[in-house]
Amino acid sequence: MRRPRLFQFSLKALLLMVLVVGSFFGWLGVQLKWKQDRHAEWHWIEQHANDTLNEPARSPRPVLPFGLRVIGETPLDYIPVDVNTMSQDDLAHLKKVRNLFPEAQVVIQGKVLEGDELEFAISMVAQMLEQQSVAGRLQSGN
């Protein structure tokens, strides 16, 4: 006498199950990589932070993207930036850091900047750094 089989799946069901499980683990891997990148960039933020800044008033707690909340990441309220210690490479790096911390506000010279204001401030600081670099080369050439 044959024993009844407990689990029987069709090939379609098996492929669908592999697709769902694989998609979940792929999504989870991306979220964990994002968290790892955030922790790696934390040193850069501390290095370029302006300690003399007063923390800007922010009433609601920043909201993390869903994936970061699921894996237990803590939100960052703001990124204080001291433009006096930044180089041209640091400005490009600031854009990368801004993408890693979408919940945080960027504070430059005590003013909270977001969106177009932030892009404008970064471009102005880049121009200022370029002018200082050109002036330095001219002075060293004389």
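Each reported figure results from applying straightforward, stated rules to the coordinates on display, with no laboratory input. No experiment lies behind these values; they were computed from the predicted model shown. Because the Cβ atoms are built from the backbone with ideal geometry, glycine has one as well, and the counts that use them run over all protein chains shown.
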**OP:** Show the residues, 5+ positions off or on another chain, whose built amide H is closer than 5 Å to the amide H of residue 79.
**Re:** 105, 106, 107
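Where does each of 18-24, 78-84, 98-104 land if you order them by average Cβ count within 10 Å, highest first? List each step's numbers first, then the result.
Values: 18-24: 10.0, 78-84: 18.7, 98-104: 16.3.
Sorting 18-24, 78-84, 98-104 by mean packing, highest first, produces 78-84, 98-104, 18-24.
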Subject >> Where labels lie 7 Å past Cα in the beta-carbon direction, separation of residue 16 and residue 93 in nm >> reply: 5.0
